[in-house]
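None of the figures in this text is laboratory data; all of them are computed from the coordinates on show. Just so we're clear, the structure is a prediction, and the values are computed from it rather than from any experiment. Backbone-built Cβ (ideal geometry, glycine too); neighbour counts: all protein chains shown.
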Amino acid sequence: MRRFATWCTGHRKTVILSWIVALIGIGMISSSVGSDFTEEFKLPSSDSQEAFDLLEHRFPQQSGVTAEIVYKAPAGAESPAVKKKMEGVFAEAAKLPHVSEVASPYKTGGAAAISKDGEIAYATVQYDVTTDKLEKDDIKKLVSFGREANGDGLQVEVGGAPVEEVRSEEEGDSSFAIGLLAAVVILLITFGSVVAMGLPLLTALFALGVGLSLVTLGTHLFDTAEFAPQLAAMIGLGVGIDYALFILTRFRNGLDEGLESRAAAIAAVDTAGRAVLFACITVIISLMGMLLLGITFLYGVAMAAALAVLFTMIAALTLLPALLTIAGKRVDRLRIPGLGARTPSTAEDTRWFSWSREIQKRPVLSALLSGALLLLLCVPTLSLRLGSNDAGTDPAGSSTREAYDLLAEGFGPGFNGPFAMVAALPGKGDDAALVSLRKTLQNEEGVARVTSITLNPAKDTGVFQLYPKTSPQSADTTKLLDHIRSDVLPPIEQKTGAQLHVGGITAIFEDFGDAISEKLPLFIGVVVLLSALLLMIVFRSVLVPLKAMVMNLLSIGAAFGLIVAVFQWGWGASIIGVNGTGPIISFFPVFLFSIVFGLSMDYEVFLMSRIHEEWEHRHDATLAVTRGLALTGRVITAAAAIMVTVFASFMIGDDRIIKLFGLGLAAAVFIDAVIIRSVLVPAIMQLFGKRAWWIPSWLDRILPRLHVEPAEGDPAPTGEHPVVESA
């Protein structure tokens, strides 16, 4: 690290120029090539995937996504004026690309698409491709056709997965800017200097510019969801500023100790830079652990987030030292009066030193109280329910929400998430299995309606729709799905020889949740064990990694508890604009665990590396903890404040998924910094005493040696040997 930092600072102009060239060059290539995002995901061996594959190969007209044109007319949906206007809308919709059929309620057999009171009706727009293969402009045209028909008492809304996708993409664009502004304010308060504030931001933005351009290029290599860049930007901005903040703080400390600018930059990379490197490795390990789940939909998002984190680390270790060497003592230029009071000259003069002393005087009480609070916050996690979020949780007034409400009003909530009952017939035209299945399901409790059977041209595949009485996100809908698969389908399959499957968006999300739940123990186990091994190698301790794993899992559990309380139970949901309660989207726990575990390890490495450094120099366990917290408490708090504000800013938009991430990440970082690092860690480390640094001799011999701080006796960055103070 010392040689690396020496080269970067010695060739600072080359480093800065290289970053500028990379930003412009990769950005131009990315813009010229464009993106190839996809929302398609496959669940091998799942029932819903088999249903989709069967339709795709044998009945492509029915394999695509659907949208609904829903309308309400007090004069009656079948009144001549309404019928004329809506048939015009249907005709325009039928001309759009990839529309295989518009099932009008006015066609023969379409009466079931008109409510009993005659006021509400709907037409189904059937596409022959999935949402990711549709042009966004074509989806917007469908919405505009509906909006243009509004008036004279007629309300027309357009809903469905394609419209939902377009609506989600238009949300949250301002969140990044708000998070950036919040980071500016906190950095100004922390450093009190425009220059010191600007350098971490500049470093993070350069890293994100290059990283997100590579993410765009990567969409041509692996499937990447549309929300991946936004999530990567959220994580990269927070992590990037944090990494730069730690190195900048150590650089300013070097200047205060009398080092010249280049020596201070080298010292900062050789100390804080090591912690940044290892913290980044733990975050990437956590994110890449998603590859163990075997769900390709997650691969692109994991790669995008990992790329963002990787480049923020590279920028912090190369671009930032180069800029700091040039800035030198001018890093404190353009000061803001009254802000950024410098850290006292000694650790003993800080408030964090006094705070740590107070915690260490009562370690048992501090550990019990903080631990009990964390466990209390974890309790709601026991009620966590995974599933899909339907349009009933969309913002009030949006077209998708209005369409959802109209369908629920006219036909029942189950009409917003039908099951696709798909059959591979045993012989050409032999639809006995589907006839029997349809008849059986008509009499099932929880089934509102089943449609007529449709066969493909080859007469070897059939499909009909089943509408539950309850909404897609209802637990009763999940029970009905399980009952159909386990109790209804097997006897009919055995009797007729047909292959029966249940598809549709509700079934897909249920299967998605099951697939994740099945692999979750492996995923968590591998990530935790690899991170623990890395900590063991770095800190030469058994108890420190064990403590870190338990505390990180507690912070994640507490974050999940808050998520359940707000999004499932509705506690305080209106404060952040959450419209309605419901289950947690199936893939959310995996992402939250990956990100939060990685970020928690960031703070663990930053704090424990300083404590370990003090222990190596003094061999006084109590003083090492006190001085370690005193020397890092302020900067960890500032870093956490930036993270919390950046993540919380993503709760401002209307998109429910982004709100989930915003609240979950902000809560986890806040809990980690305020409760765990400030109270529980010093209390536990005080109870451990010297035992915290124990490791069996045989294990110490076989583990490779890596240092998050310069090893004892290593030459200092200035060429001098460090002075080892007595305890």
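Compared with the direct C-alpha span, the chain from E260 to I576 gains 109.0 nm at full extension, assuming 0.36 nm per residue. With neighbours defined as other Cβ atoms within 10 Å of a residue's Cβ, the residues F419, F670 order from fewest to most as F670, F419.
If you build the convex hull over the alpha carbons only and average its shadow over all orientations, what do you get for the chain? Give it in nm² to one decimal.
Numbers: hull surface 139.2 nm².
It is 34.8 nm².
Measuring nothing but alpha carbons in the range 1-127 and taking Rh as the Kirkwood radius, the Rg to Rh ratio lands at 1.37. Spin-label model, K329/I29: points 7 Å from Cα along the beta carbon direction are separated by 4.3 nm. Which listed residue (S452, S436, L466) has the Cα farthest towards the positive end of the charge dipole for the range 418-503, taking +1 on Lys and Arg C-beta and -1 on Asp and Glu C-beta about the Cα centre? Toward the positive end, the furthest listed residue is S452.
What is the chain's relative contact order, in percent, from Cα pairs under 8 angstrom and six or more apart in sequence? All intermediate terms of the calculation are to be shown ahead of the outcome.
Numbers: 1300 pairs, mean separation 134.0, N = 727.
Normalised by residue count, the contact order of the chain is 18 percent.
For the chain, the longest principal axis of the alpha carbon atoms and the long axis of helix 80-94 meet at an angle near 60°. Report the paramagnetic label zone for I189: residues of the range 663-688 whose backbone N is under 17 Å from a point 7 Å from Cα along the Cα-to-Cβ axis. Flagged as within label range: 666-667, 669-671, 673-675.
Among H220, H98, the order by Cβ neighbours within 10 angstrom, fewest to most, reads H220, H98.
Between I702 and R147, what's the calculated FRET efficiency when r is the beta-carbon distance and R0 is 60 Å? Round to 0.05.
Numbers: r = 69 Å, r/R0 = 1.14.
Result of the calculation: an efficiency of 0.30.
Per-residue ellipticity at 222 nm computed for the chain from its helices equals -19500 deg cm²/dmol, with DSSP H segments shorter than 4 residues left out and the rest contributing -39,500 (n - 2.57).
Place a +1 charge on the Cβ of each Lys and Arg in the range 59-169 and a -1 charge on the Cβ of each Asp and Glu, then give the dipole magnitude about the Cα centre in debye, rounded to the nearest 20. Intermediate values should be presented prior to the final figure.
Values: 13 positive and 18 negative charges, 56 e Å.
Dipole magnitude for the range 59-169 comes out near 260 debye.
Helix 12-33 and the long axis of the chain differ in direction by around 0°, with both axes built from C-alpha atoms. Neighbour counts of other Cβ atoms within 10 Å put E518, E101, E604 in the fewest-to-most order E518, E101, E604. Relative to the Cα centre, the charge distribution of the chain, modelled as +1 at Lys and Arg Cβ and -1 at Asp and Glu Cβ, gives a dipole magnitude of about 2180 debye. Beta bridges assigned by DSSP with both partners in the chain are antiparallel in approximately 95 percent of cases.
Can you give the FRET efficiency to the nearest 0.05 for K439 and K42, using r as the Cβ-Cβ distance and R₀ = 41 Å? Don't jump to the answer; show the numbers that get you there.
Numbers: r = 32 Å, r/R0 = 0.79.
E(calc), rounded to 0.05, equals 0.80.
Put one equal scatterer on each alpha carbon of the range 418-503, apply the Debye formula with no solvent term, and list log10 I(q)/I(0) at q = 0.14, 0.17, 0.20, 0.26 1/Å to two decimals. Each listed q maps to, in turn, -0.43, -0.63, -0.85, -1.33.
The count of lysine pairs in the range 455-587 whose Cα atoms are under 26 Å apart, excluding pairs fewer than 8 places apart on the same chain, comes to 5.
Pop the C-beta distance of L217 and E348 into the FRET formula with R0 = 45 Å and round what comes out to the nearest 0.05. Could you put the intermediate results ahead of the total?
Working: r = 51 Å, r/R0 = 1.14.
With a Förster radius of 45 Å, E is 0.30.
Each label was represented as a point 7 Å from its Cα along the Cα-to-Cβ direction; for K84 and L546 these points are 8.2 nm apart. Most tightly packed first, judged by the mean number of other beta-carbon atoms within 10 Å of their residues, the peptides 129-136, 286-293 read 286-293, 129-136. Per the Debye calculation on the range 59-169 with a single equal scatterer at every Cα and no solvent contribution, log₁₀ I(q)/I(0) for q = 0.14 Å⁻¹ amounts to -0.52. Distance from the alpha carbon centroid of the range 493-532 to that of the range 360-375 works out to 39 angstrom. Hey, what angle do you get for helix 656-671 against the long axis of the chain, alpha-carbon based, 0 to 90 degrees rounded to 10? Helix 656-671 sits roughly 20 degrees off the main axis of the chain.
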